[in-house]
Amino acid sequence: MELEATLGAGPQLTLRQLELFLAAVEYSSFTAAAQHAYVTPNAVSLAVSELERVLGVTLLVRHRARGVTTTPAGIQLAEGARALLRQAADLQLTVGDGGESLSGPVALGCYSTLAPTVVPELWERLAERHPEIELTVTEGTTDHLVGQLHEGRLDCIIAYEVALPLGLAVRRLYGARPSVALPASHRLAGQAAVDLAELDGEPLILFDLPPSGQNTLQLLRGRGLRPRVAHRTTNFELVYSLVGRGMGFAVQYQHPGVDVSREGRRLAFRPITPQPESEPVMVAWPERLPLTSRAAAVVRLAQDCLPVDERVR
C-alpha cells in the first residue's frame with residue numbers, strides 16, 4: 001500500500017521510509033534493520049537520510065561500528081510513525097474486506113497473574129464474536145508491558161491501575177479484592193473471613209511480581225502488622241505450594257479457581273475482614289496512538305465480558 005504524505009509544495013515521505021526508519025530505531029543498527037526488513041543496509045540508510053532531508057532534522061546519530069542512536073526529533077517521529085503505520089494497516093484491512101467484518105492481528109499484553117482468569121474468557125468470546133481477529137497475548141510485569149506498548153509492539157494491555165503510568169488512555173474492567181491463602185489445616189481455615197490482625201507474626205509467603213508485592217505489604221502495614229516475609233517469589237504456583245506445606249500464609253488478588261496446590265495439598269482461600277478496597281483492573285493504550293478498529297473491538301469486548309466487580313477472583 002504505497003501511500004505518500006506530502007510536506008509543503010514538493011518534498012514527500014513514504015510509508016516504506018517510515019517502516020525502515022522504525023526498524024533502524026528498534027534495532028539501533030542499519031545492518032540489523034536491513035536483515036529484519038529483507039533489504040540492504042544501504043537501503044535503510046538512504047531511507048533515513050531522505051527523511052532527514054525532507055524534515056530538515058537529524059533523526060539518527062551514526063556511530064562507526066557501533067550502530068545508531070535516536071535523537072529527540074527521531075523519538076518524536078518514531079511515535080508519530082507508529083501511529084501512522086498502524087492506521088494505514090488498519091485502513092488496508094478494513095477497505096480490503098469491504099468494511100463488513102473485522103479481521104487481522106491484535107497484540108494484547110496482560111499482567112501475568114491476571115492472564116489465567118482474564119485471557120481464556122476474552123479469547124473464547126472473541127472467537128464467537130469476531131472470528132477473523134487474530135489475538136496474540138504477551139504476559140509479563142506492568143513495566144515490561146508498558147515498554148512494549150510504547151514501542152508499538154502491543155495494541156493494548158490489561159493491568160492493575162496502581163502500576164500504570166501517566167500518558168495512557170484507560171478503561172476500567174473490574175475491581176479485584178484480595179483474599180488470604182492458608183493451608184487447609186490452619187487454625188483460621190474454618191472461618192468465613194479472616195482478620196489480618198489474627199495473622200500478625202506468622203510467616204508471609206510474598207508474591208513479589210510488581211506491583212503485587214508492594215500492594216500486599218502496604219495492605220498489611222495499613223492494618224498495623226509487621227510482615228515477617230519468609231519467602232519471596234515471582235511464581236504464584238510456588239506461593240501456593242509453600243502455603244500448602246504450611247510454611248506461611250499469602251495474600252492474593254487472583255483466586256486460582258482450585259483449592260489445591262500443584263502438589264495436591266489442600267488450600268483455604270478466605271475473604272479479608274474488614275473488607276479492603278478493591279484494586280481496579282484496567283485496559284490501557286497510549287493516548288497518542290489511536291486504537292485500530294480491531295483493537296477497539298477487543299477493548300469493548302473486554303468491558304462486556306469481564307464485569308466481575310467486587311468479587312474475589
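The values are calculated or read from the model by the stated rules, or taken from the named source; none is laboratory data. Values in this document were obtained by computation on a predicted structure and should not be read as measured data. Note that we place each Cβ from the backbone using ideal geometry, even for glycine, and neighbour counts take in every protein chain shown. Just so you know, the surface numbers come from the protein's heavy atoms only, side chains and all, with ligands and any DNA or RNA stripped out. Shrake-Rupley method; radii C 1.70, N 1.55, O 1.52, S 1.80 Å.
Assorted remarks:
- Among the residues of the stretch 139-158, those that are part of a loop (DSSP other than H, G, I, E, B) and either of a type in the set (Phe, Trp, Tyr) or touching a helix residue (DSSP H, G or I) at 6+ places or on another chain (Cβ under 6 Å) (or both) comprise Gly152, Leu154, Asp155.
- Looking only at residues of the stretch 151-167 that are over 16 Å from Pro210 (Cβ atoms) and surrounded by 18 or more Cβ atoms within 10 Å (Cβ to Cβ), we find that the one that is modelled with the lowest pLDDT is Gly152.
- Considering the stretch 66-89, the residues that are open to solvent by 40 Å² or more (accessible area, probe 1.4 Å) and of a type in the set (Lys, Arg) include one that is nearest to the chain's Cα centre (by Cα), namely Arg82.
- Spans of helices (runs of 4 or more DSSP H) in the stretch 198-313 with at least 3 residues touching a residue at least 40 places away in the same chain (Cβ under 8 Å) and closer than 13 Å to Pro178 by Cβ: 212-222
- Top-ranked residue of the stretch 90-136 - restricted to ones that are of a type in the set (Ser, Thr, Tyr) and either in contact with a Cys (Cβ under 7 Å, 6 or more places away or on another chain) or surrounded by 13 or more Cβ atoms within 10 Å (Cβ to Cβ) (or both), ranked as modelled with the lowest pLDDT: Thr94
- Among the residues examined, Arg270 does not qualify as more than 30 Å from Glu132 (Cα to Cα), in contact with a helix residue (DSSP H, G or I) (Cβ under 9 Å, 6 or more places away or on another chain) and open to solvent by 10 Å² or more (accessible area, probe 1.4 Å).
- Taking first residues from the stretch 16-31 that are among the β-branched types (Val, Ile, Thr) and partners that are part of a helix (DSSP H, G or I) and open to solvent by less than 50 Å² (accessible area, probe 1.4 Å), the Cβ contacts under 6 Å between residues at least 6 apart in sequence or on separate chains come to Val25/Ala78.
- If you go through the stretch 115-140 and keep only what is of a type in the set (Gly, Ala, Ser) and closer than 20 Å to Val281 by Cα, you end up with Ala115, Gly140.
- Residues of the stretch 27-65 satisfying the condition of being modelled with pLDDT of 90 or more, within 26 Å of the chain's Cα centre (by Cα) and surrounded by fewer than 18 Cβ atoms within 10 Å (Cβ to Cβ): Ser28
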